[in-house]
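J.: Here it is, the structure in full.
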Amino acid sequence: MATTPTATNATKKGHCPTCDGERTCEIHGSIYKAWDWEDKQYGHSVNGGVDHSLLECQGCETVFYETSSWNSEDTDHYYDAAGQEQYEHPREIQTYPKPEAKTKPVWFDAMQKADPQLRNILSQMYVAHDNQAHILTAIGLRTALDRATEVIGIDPAKTFDEKLNELRNGGWIGQTERDILGVVTDAGNAAAHRGWEPDSQEVSELLSSLEVFLHRAFIVGQKALGIKKSIPAKPERLLAVGKKTTP
Ligand SMILES: [Zn+2]
């Protein structure tokens, strides 16, 4: 019996959660739902709609769900070729499940020993990061940096600038790292007080900087101290002999 010829199914681009990138996907089904909201007292109204689609990645065959929504309050204005002002509603696309969460560093669980509160802040920061909540991630990075300086023994009442200078003067970080962590601080401030939202690339860079610092301060540092303990002390006998030969 001949194999059934593959029908040309409808496809569209979608963010495959397994490939974690835009792929051509087969549309297995879709439905559009419109909605309307009205405030009777003031006569305000908002409307919009959501396209729901069940997609399959043509690369890895992962099946996932996508929503593409718009609403009448959100408009982008532009001028067409004739110079006429036009507008359109931008679409907000979401896919489920989310792409695999960013793997926490292998040493993450060891932070529990360094300081449970710092580990808790970092844990929540990773949840924000994995959900693309960039404002909350930036605030979390700054909070984690603040807590880390306190654990190291720096006075929490000091300003961030003073704390970073102390880290540098105490030999915890060099000038370059001091500057990078200064950016983490500024980014966290801007996110917390002015609602500034870094993009995903910026967030990744800020996160890497903090991870490098934490790894050195709490993991490598602790290990190095452990090695120091296992190095045998200078034998007493030699010291005693040394004393005897001194005139
Ligand atoms: Zn895929």
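Just so you know, all these numbers are worked out from the coordinates, no wet-lab data involved. Because the structure is predicted, anything quoted here is derived from the model rather than measured. Neighbour counts are summed over all protein chains in view; Cβ atoms, including those assigned to glycine, are modelled from backbone coordinates with ideal geometry.
J.: How large is the charge dipole for the range 108-230, taken about the Cα centre, if only the Cβ atoms of Lys, Arg (+1) and Asp, Glu (-1) carry charge, to the nearest 20 debye?
T.: With Lys and Arg at +1 and Asp and Glu at -1, about 620 debye.
J.: I would also like to ask the following. Evaluate the Kirkwood expression for the hydrodynamic radius of the range 108-230, namely the inverse of the mean inverse distance over all pairs of different C-alpha atoms, and round to one decimal in Å.
T.: Value: 14.7 Å, from the Cα pair sum.
J.: Using +1 at the C-beta of Lys and Arg and -1 at the C-beta of Asp and Glu, which of Leu214, Ser204, Ile139 has the Cα lying farthest in the positive direction of the dipole of the range 108-230?
T.: Looking along the dipole axis, the top candidate is Leu214.
J.: How compact is the range 28-167 by the rule of thumb for globular proteins, expressed as Cα Rg over 2.2 N^0.38 Å?
T.: Rounded to two decimals, the normalised Rg is 1.62.
J.: Classify the range 11-96: rounded, prolate or oblate, from the alpha-carbon gyration tensor (a ≥ b ≥ c, eigenvalue square roots; a/c under 1.5 rounded; otherwise prolate if a/b is larger than b/c)?
T.: Verdict is oblate for the range 11-96.
J.: Next question, about the same structure. Counting other C-beta atoms within 10 Å, which of Tyr126, Tyr32, Tyr65 has the fewest, and how do the rest follow?
T.: Placing the least packed residue first, the sequence is Tyr32, Tyr65, Tyr126.
J.: Another question, if that's okay. How do Glu202, Glu73 line up, fewest other C-beta atoms within 10 Å first?
T.: Ascending number of Cβ neighbours within 10 Å: Glu73, Glu202.
J.: To continue, here is another question. With an 8 Å cut-off on Cα pairs and a minimum separation of 6 or more residues, tell me the relative contact order of the range 108-230 in percent.
T.: Relative CO of the range 108-230 lands at 28 percent.
J.: Please report, in debye to the nearest 20, how large the charge dipole of the range 11-96 is about its Cα centre when each Lys and Arg carries +1 at its beta carbon and each Asp and Glu carries -1 there.
T.: So the magnitude is around 240 debye.
J.: Taking neighbour counts of Cβ atoms within 10 Å as a proxy for exposure, in what order, fewest first, do Val184, Val151 appear?
T.: Val151, Val184
J.: Counting only Cα atoms, I'd like the Rg/Rh figure for the range 143-207, Kirkwood definition for Rh.
T.: Taking Rg over the Kirkwood Rh, I get 0.98.
J.: Above 12 angstrom, tally the Cα pairs of the range 87-144 and express them as a % of all pairs, no decimals.
T.: So the pairs more than 12 Å apart make up 71 percent of the total in the range 87-144.
J.: Expressed as a whole number of Å, what is the distance separating the alpha-carbon centroids of the range 8-28 and the range 109-185?
T.: 39
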